[in-house]
Amino acid sequence: MFGPKVEIKTPAQLATMRQAGLVVAAVIDALKQNVAVGVSTAELDEIAHDVIRSAGATSNFLGYHGFTGVICASVNEEIVHGIPGQRILADGDIISVDCGAIVKGWHGDAAVTIPVGAVSRKNLDLIDTTNEALWRGIAAARVGGSIGDISNAIERFVKGQGAYGITQVVTGHGIGTELHQAPEVPNFGRRGKGPKLADGLVIAIEPMITLGSSKAVILEDEWTAVTPDGSWAAHAEHTVAITDKGLSVLTDPDGGEARLASFDVPFVSFD
Ligand code: MG
Ligand code: MG
């Protein structure tokens with residue numbers, strides 16, 4: 001899907017990818033602060049664009065195969081790839097925001113699902129499960145392991161939490177000098193299967209979890225993926241560098257140091 005080429009990064013290149021990741025982290029932070037009842041997804045897109053521009057970075061989403069946003073804004077039953085526009089957020093909604101940035105030719109990519117106003121316990125649990133699935137996937141990555149280790153960690157965790165669906169048609173991906181590279185990183189699979197994880201590989205891990213179907217339907221706008229049964233969905237994503245010395249979560253403000261420690265996974269800084 002993303003071509004056969006796996007791009008291995010040097011430590012200097014990873015340091016530049018960290019700069020891109022920190023811009024993405026700043027966008028995510030600004031969006032968390034600005035999501036509220038009555039705000040439109042177009043307003044959120046403008047806020048994200050301002051953060052990217054003021055950091056001296058550029059957007060990798062804007063113009064991607066004709067995409068018109070700096071962020072993807074996916075509300076409720078929208079899983080991913082929602083187009084920012086005039087939709088106004090309502091009390092009880094959940095909105096997944098996905099965004100990226102380019103610094104000196106190197107890409108970052110992350111996503112988070114944010115509750116709007118008073119959100120039901122069921123939907124808060126969906127968000128928590130998705131966030132935790134992301135970290136279980138991250139913590140399963142190590143040099144010499146395989147993509148399937150990550151996929152399986154996500155799948156096993158989600159299935160252990162209840163009757164959730166794992167969206168199957170969209171996957172994580174390699175990332176570097178392009179937004180989407182090999183290898184694909186599915187959110188379900190078998191331990192030990194798939195491409196090997198090498199020192200200097202960077203991947204975006206991004207579970208998309210629903211309260212129902214594992215399938216997706218694309219709307220007439222040719223972008224927005226929604227659940228066929230109308231069940232609500234959440235999305236969480238980080239860009240993760242895999243090295244001999246440990247992992248670095250390039251789009252997390254602290255590089256993943258705190259969460260990786262909770263899993264006893266070695267952390268390496270590229271700050
Ligand atoms: Mg993304
Ligand atoms: Mg991605």
Considering only the stretch 1-34, state which residues are open to solvent by less than 20 Å² (accessible area, probe 1.4 Å) and either of a type in the set (Asp, Glu) or outside any helix (DSSP H, G or I) (or both). LYS9
Six or more apart or on different chains, Cβ under 8 Å: which pairs go from a residue in the stretch 233-249 that's modelled with pLDDT of 95 or more to one that's among the aromatic types (Phe, Trp, Tyr)? Could you list them? ALA241/PHE270; GLY246/PHE267; LEU247/PHE267; SER248/PHE267; SER248/PHE270
Based on what the data block shows, is SER54 over 21 Å from PRO228 (Cα atoms), more than 16 Å from ligand 1 (Cβ to nearest atom) and either free of Cβ contacts under 8 Å to residues at least 12 places away in the same chain or among the aromatic types (Phe, Trp, Tyr) (or both)? yes
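Residues checked against (1) farther than 19 Å from VAL75 by Cβ; (2) of a type in the set (Gly, Ala, Ser); (3) in contact with a Pro (Cβ under 7 Å, 6 or more places away or on another chain); (4) buried (at least 23 other Cβ atoms within 10 Å of the Cβ):
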site: GLY108; (1), (2), (3), (4): yes, yes, no, yes
site: LEU124; (1), (2), (3), (4): no, no, yes, no
site: ARG136; (1), (2), (3), (4): yes, no, no, no
site: GLY145; (1), (2), (3), (4): yes, yes, no, no
site: GLY172; (1), (2), (3), (4): yes, yes, no, yes
site: ALA182; (1), (2), (3), (4): yes, yes, yes, no
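Among the candidates VAL39, VAL70, single out the residue that is farther than 30 Å from PRO11 by Cα and either open to solvent by less than 20 Å² (accessible area, probe 1.4 Å) or touching a Leu at 6+ places or on another chain (Cβ under 8 Å) (or both).
Numbers: VAL70 fails: farther than 30 Å from PRO11 by Cα.
After ruling out the rest, the residue left standing is VAL39.
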Any pair with Cβ under 7 angstrom, 6 or more apart, that starts in the stretch 101-123 at a residue that is of a type in the set (S, T, N, Q) and ends at one that is open to solvent by 50 Å² or more (accessible area, probe 1.4 Å) and assigned to a loop (DSSP other than H, G, I, E, B): ASN123/TRP232
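Just to check your reading of the model, which residue among ILE71, ILE83 is touching a residue at least 40 places away in the same chain (Cβ under 8 Å) and within 14 Å of ligand 1 (Cβ to nearest atom)?
On the way: ILE83 fails: within 14 Å of ligand 1 (Cβ to nearest atom).
Answer to the check: ILE71.
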Every residue in the stretch 152-165 that is in contact with a strand residue (DSSP E or B) (Cβ under 7 Å, 6 or more places away or on another chain) and either open to solvent by less than 10 Å² (accessible area, probe 1.4 Å) or within 15 Å of VAL240 (Cβ to Cβ) (or both), please. VAL158, GLY165
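The rows are residues; the columns are (1) within 16 Å of ligand 2 (Cβ to nearest atom); (2) outside any strand (DSSP E or B); (3) more than 21 Å from the chain's Cα centre (by Cα).
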position: GLN86; (1), (2), (3): no, yes, yes
position: GLY100; (1), (2), (3): yes, no, no
position: HIS107; (1), (2), (3): yes, no, no
position: ALA110; (1), (2), (3): yes, no, no
position: ASP125; (1), (2), (3): no, yes, no
Go through the stretch 142-187 and count every residue that is part of a loop (DSSP other than H, G, I, E, B), in contact (Cβ under 8 Å) with a residue 60 or more places away in the chain and within 16 Å of ligand 2 (Cβ to nearest atom). 9
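The values are calculated or read from the model by the stated rules, or taken from the named source; none is laboratory data. Just so it is clear, the model here is predicted, and its values are computed rather than measured. We place every Cβ from the backbone using ideal geometry, glycine too, and count neighbours over all the protein chains shown. To get the accessible areas, we keep the full protein, side chains included, count just its heavy atoms, and leave off ligands, DNA and RNA. Shrake-Rupley method; radii C 1.70, N 1.55, O 1.52, S 1.80 Å.
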